Amino acid sequence: MEPSSGSRDAGPAITLVAAVLPAGGSGERLGGATPKQFCAVQGRPLVSYTVRAMERISWISDIIVVVSPENIEIMKSIIEKYGHKRVMIVKGGITRHRSIFNGLKVFAENEFSNHLLQKPEVVIIHDAVRPFVEEDILSKVVMAAKQHGAAGAICPLVSTVIASAADGCLDHSLERARYRASEMPQAFLFDIIYEAYQQCTDYDLDYGTECLHLALKYCKTNAKLVEGTADLWKVTYKRDLYAAESIIKDNLSQQVCVITDVKEAVAQVGFLLHESLKSQIKVEAISISLSKNDSHLQNIFSGQCYNFVCVNDKKCAIQETQQLVDMLEKSNIALLYPVVLISVHLDISENISFSIGMEELTRIKKFAREVKKKNILVYGLLIQNK
């Protein structure tokens, strides 16, 4: 499936790509009764962030989430609540490899689905508890898998790996510079990884953890290793949840989009805002007519921007704000994080004083309260420009 016009990157030139997200872990190392994939981060289950990261990429056709039988209803409610699309839930097995195998079977065996999904050329395997995966690394492993049959992200080892002897003393250590930590995402030609799982022994399925090793062992496929980024880490312990929350909060404040109409005076204010903010955060300023379905604005909505400043000089500024809120709602970005919208009304009239009627003010406050329920935070600002 070719990327849609809404995709920010060209995407891999591949017929079909799907993703399998194993999410059947018990969260034993995390502690507590809730499995880590369902723990709330900023009020939203961790697995939902990972699904959304995949969902935002137009060239991924199907997203298979594999969960333990007792958590299927929980996963269904998450999909419904957050409006996830292109997602199928599959019952997991008793181990990681058995769960992944079940996820792959929906493309090949009717037993695991009411109808077979179209078999992808390449399948991505990615942990549901690694929420910060970006399109760039996904594209790299997919393209490498198409060329080499298998590919996976790696990162440098942080600590030296040692082996202990039977008496508990040091036996030997590995030369850290020669080794890498295997991370996710990984990608495979579907036929290769599916054949590998079909040939697996019960021992591999019950005790193995590395998918790249299965492709090498059973299909003689040497995976291409792709340097990953520091944000591919896996939420494992309780402290990781706090770290994830901190990263999400930080991401929310990294970018702002300044939207103005095409009038010269208003566009000038947008330019001045851009110039004053650009040294502190990433700023994009655009001049458009909100009455038109602007593709540039739609691309911004599909990106990582959650802060918007809308500048206008219209007497009824709330109408333009409502238009922008409608567009934000349709884009579904407020399902993931809170969206901040600051509506700036620029008064460039010749009147000596500017005032807004109580009726209009009440309407604006009521509107802001209503859209807050939809995770969109609206603020108003009046500027008199003489």
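The values are calculated or read from the model by the stated rules, or taken from the named source; none is laboratory data. Everything numeric in this text was worked out from a predicted model, so none of it was measured. Backbone-built Cβ (ideal geometry, glycine too); neighbour counts: all protein chains shown. Side chains are part of the model used for accessible areas, which takes the heavy atoms of the whole protein and leaves out ligands, DNA and RNA. Shrake-Rupley method; radii C 1.70, N 1.55, O 1.52, S 1.80 Å.
Only one of the numbered conditions (1) surrounded by fewer than 17 Cβ atoms within 10 Å (Cβ to Cβ); (2) assigned to a helix (DSSP H, G or I); (3) modelled with pLDDT of 80 or more is not met by Thr236, and that is (2).
Are any of the residues in region 129-147 in contact with a helix residue (DSSP H, G or I) (Cβ under 6 Å, 6 or more places away or on another chain), open to solvent by less than 60 Å² (accessible area, probe 1.4 Å) and over 26 Å from Asp240 (Cβ atoms)? No, region 129-147 contains no residue that is in contact with a helix residue (DSSP H, G or I) (Cβ under 6 Å, 6 or more places away or on another chain), open to solvent by less than 60 Å² (accessible area, probe 1.4 Å) and over 26 Å from Asp240 (Cβ atoms). Of everything in region 344-386 that is modelled with pLDDT of 80 or more and charged (D, E, K, R), the residue that is surrounded by the fewest Cβ atoms within 10 Å (Cβ to Cβ) is Lys373.
Just one of (1) within 24 Å of Ala230 (Cα to Cα); (2) in a helix (DSSP H, G or I) fails for Phe132. It is (2). Does at least one position in region 86-107 carry a residue that is modelled with pLDDT of 95 or more, among the aliphatic types (A, V, I, L, M) and part of a helix (DSSP H, G or I)? Among the residues of region 86-107, at least one is modelled with pLDDT of 95 or more, among the aliphatic types (A, V, I, L, M) and part of a helix (DSSP H, G or I), which makes the answer yes. Among the residues of region 175-187, none qualifies, meaning not one is under 21 Å from Tyr218 (Cβ atoms) and not in a strand (DSSP E or B).
Restricting attention to region 27-34, does a residue exist that is modelled with pLDDT of 85 or more and within 21 Å of Ala243 (Cα to Cα)? Checking region 27-34: not a single residue is modelled with pLDDT of 85 or more and within 21 Å of Ala243 (Cα to Cα). When residues in region 49-77 are screened for being without any contact (Cβ under 8 Å) to a residue 60 or more places away in the chain and assigned to a helix (DSSP H, G or I), 10 of them pass.
Scan region 213-233 for residues that are open to solvent by 60 Å² or more (accessible area, probe 1.4 Å) and not in a loop (DSSP other than H, G, I, E, B) and the total you get is 7. Here Val256 qualifies as in a strand (DSSP E or B), in contact with a strand residue (DSSP E or B) (Cβ under 9 Å, 6 or more places away or on another chain) and open to solvent by less than 50 Å² (accessible area, probe 1.4 Å). Would you call Glu195 under 23 Å from the mean Cα position of the chain (by Cα), in the same structural domain as Cys39 (by the TED database) and open to solvent by 70 Å² or more (accessible area, probe 1.4 Å)? Against the criterion (under 23 Å from the mean Cα position of the chain (by Cα), in the same structural domain as Cys39 (by the TED database) and open to solvent by 70 Å² or more (accessible area, probe 1.4 Å)), Glu195 does not qualify. For Ile94, are the conditions met, namely being assigned by the TED database to the domain that holds Leu216, open to solvent by 10 Å² or more (accessible area, probe 1.4 Å), under 23 Å from Pro45 (Cβ atoms) and of a type in the set (A, V, I, L, M)? Spelling it out, Ile94 is indeed assigned by the TED database to the domain that holds Leu216, open to solvent by 10 Å² or more (accessible area, probe 1.4 Å), under 23 Å from Pro45 (Cβ atoms) and of a type in the set (A, V, I, L, M).
Results for (1) closer than 19 Å to Val51 by Cα; (2) in contact with a Pro (Cβ under 7 Å, 6 or more places away or on another chain); (3) not small (Gly, Ala, Ser), shown as yes or no for each residue.
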position	(1), (2), (3)
Arg96	yes, yes, yes
Lys119	no, no, yes
Arg130	yes, no, yes
Leu138	yes, yes, yes
Ile154	no, no, yes
Arg180	no, yes, yes
Ile192	no, no, yes
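Determine if region 263-284 includes at least one residue that is surrounded by fewer than 17 Cβ atoms within 10 Å (Cβ to Cβ), modelled with pLDDT under 75 and hydroxyl-bearing (Ser, Thr, Tyr). No, region 263-284 has no match at all. The lone criterion from (1) under 32 Å from the mean Cα position of the chain (by Cα); (2) among the aliphatic types (A, V, I, L, M); (3) surrounded by 11 or more Cβ atoms within 10 Å (Cβ to Cβ) left unmet by Ala177 is number (3).
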